[in-house]
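To keep things clear, I will list the structure first and then write my remarks on it.
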Amino acid sequence: MKSSEASGVKEARKGLILYVLVFVLSLGLPLYFGTTTVHRADLPIDEINTLSDHLFDKIGINIPVYITSEYEAVSDSFLDRLNGDIRSELTAKHPVLNNLWSLNLKLDAPDSDSEGYRVNIKKKTGDEKFHIHADKKEIDIHSTDLESSAEIVEDVLLGEVFQSEIEEVSRIVSGSGKSAHTALPHSDVTNIVFSLLVEDGKPVAWEVENVIKRFDSVLKSLGHITEFQVSTQIQYYSSLTHKPLSLINDQTKYIIAEDDLSTFINYGDWNINNYDVHPTINFLIYFPTCNYENKRLLVQNSVTNSFLVPQWGGVHIFNKNFPILRREDPITITESELAPVFEIFTVQLLRLLGAPEKPHAPVINIDVLTRLTTLQNLKRSLENLKSLVKVTDSLSEISIPDQTKHYVAECITEIERAIENANANLNEIAVEASTRALLLSDSAFFDKEMVQQAYFPSEHKLAVFLPLLGPVASIIFLSLVRLFKDWKQQRKTNKKET
């Protein structure tokens with residue numbers, strides 16, 4: 001016989017169940033969704049897509065080139081014809097540069113225009129057709145008269161001074177082909193390590209401090225592109241992996257074949273590794289033991305006895321100019337001996353940063369490098385932002401913190417500032433803004449909160465909350481089932497009574 005439940009107790013149980021249910025629905029569910037819902041800040045996706053699709057339409061690099069002549073005064077018609085010929089040549093060979101990159105030939109330059117180039121048309125006195133100055137953005141053209149100089153000016157500007165820049169800009173815009181230089185990835189900070197490697201254990205000193213002070217002027221001229229941190233070291237017992245061969249017809253020289261340059265650096269035994277987060281450029285001066293044998297160690301087919309290691313650094317093999325060195329004598333590499341070596345390192349540094357090989361004029365190379373770095377940074381920044389948008393679209397559960405949104409907004413601001421200054425030929429300001437844009441795009445894409453959330457999918461949330469939700473949900477479910485049965489039983493009873 002079933003025991004009957006008091007009606008008061010039954011009503012109290014019903015009220016308690018309904019109270020718990022209302023409590024869970026009104027407080028528990030909002031609390032659950034509030035603690036598990038991923039915050040996704042709104043990104044300016046349309047603005048990113050527009051900038052990415054029309055980046056090179058917004059940029060108009062117009063390099064001023066001022067013309068002077070020792071003959072008659074340069075006329076406007078002469079400049080108009082020359083400008084037209086240059087535009088036609090660029091359009092025919094490099095159509096992707098249309099309105100993006102051009103030259104603007106003008107009359108004599110104002111002294112205030114530091115961004116402009118100068119072409120001096122001079123009377124022909126010898127066989128030299130042109131001369132590109134190494135210490136300033138100036139080119140001398142030698143011709144018999146003003147009219148005949150027009151073709152030479154066009155050939156020199158497009159074929160010598162700006163040829164490498166034109167080809168690299170075309171590659172950046174089209175995204176096809178490989179870069180001709182051996183540059184490291186751009187960074188706001190770059191380490192430079194000068195190492196003296198001595199083949200045996202004989203102490204060798206070098207007067208490097210004063211040479212580095214002179215080298216600082218080169219680094220300062222590149223300061224708008226990257227910040228440099230310089231260090232030096234001496235490593236002894238830096239033996240070669242294999243001995244170079246001696247020439248058969250000349251026993252005073254050892255030759256390192258070009259094929260052996262790839263194995264010249266002994267990464268295993270030489271302590272030249274750098275584990276800094278910023279990229280490192282290594283410059284090595286190798287002091288061979290054959291200096292004590294009155295023999296020279298030479299790099300095959302190298303005028304400077306040096307070679308470049310792509311995206312790593314440069315190496316110079318140092319041959320002491322004494323007739324014969326004695327091991328008991330103190331050895332010092334003097335400042336005057338190091339100076340030409342550091343001039344070689346200067347050229348290699350520009351190549352490793354991305355400057356073109358031609359022309360052999362450091363000032364022009366730095367100017368070209370500035371413009372190329374701006375374009376590369378802007379393209380990489382927008383690629384990072386596009387990748388960010390793609391990741392957030394494909395992973396709906398990934399968090400988008402407000403800090404990421406801030407980084408993106410600041411990045412777009414810097415991109416627009418870089419474009420504005422590049423169009424105004426303010427190249428140093430433009431490259432600095434593009435560098436900040438690249439750093440901000442990296443910060444946005446690699447935000448730690450967003451990256452961590454990518455590895456916390458919905459299944460993990462269920463695993464965390466199931467031990468808590470399981471017992472509560474089962475109790476509520478069974479109570480509701482019992483209420484439903486009681487309600488059905490009560491309906492049957494009421495029908496019988498009626």
Reported set for the stretch 300-322 where residues are touching a residue at least 12 places away in the same chain (Cβ under 8 Å), surrounded by 13 or more Cβ atoms within 10 Å (Cβ to Cβ) and part of a loop (DSSP other than H, G, I, E, B) is Gln300, Thr304, Asn305, Gln311, Trp312, Phe318, Asn319, Lys320
Pairing a residue in the stretch 245-269 that is open to solvent by 60 Å² or more (accessible area, probe 1.4 Å) with any residue that is at pLDDT 80 or above and β-branched (Val, Ile, Thr), where Cβ atoms lie under 7 Å and the two sit 6 or more apart in sequence or on different chains, gives Leu245/Ile255; Leu247/Ile255
Of (1) modelled with pLDDT of 85 or more; (2) open to solvent by 30 Å² or more (accessible area, probe 1.4 Å); (3) hydroxyl-bearing (Ser, Thr, Tyr), Tyr286 satisfies every one except (2)
Count of the stretch 129-148 residues which are assigned to a strand (DSSP E or B) and either loosely packed, with under 14 Cβ neighbours inside 10 Å or not assigned by the TED database to the domain that holds Phe78 (or both): 0
Filter the stretch 387-408 for residues that are among the β-branched types (Val, Ile, Thr) and part of a helix (DSSP H, G or I); the one that is farthest from Asp53 (Cα to Cα) is Thr404
Unique match (being among the β-branched types (Val, Ile, Thr) and open to solvent by 30 Å² or more (accessible area, probe 1.4 Å)) among Thr392, Thr374, Thr370, Thr334: Thr334
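The values are calculated or read from the model by the stated rules, or taken from the named source; none is laboratory data. The shown structure was predicted, so the numbers you read here are calculated from the model rather than taken from an experiment. Neighbour counts are summed over all protein chains in view; Cβ atoms, including those assigned to glycine, are modelled from backbone coordinates with ideal geometry. Heavy atoms of the whole protein, side chains included, go into the accessibility calculation; ligands, DNA and RNA do not. Shrake-Rupley method; radii C 1.70, N 1.55, O 1.52, S 1.80 Å.
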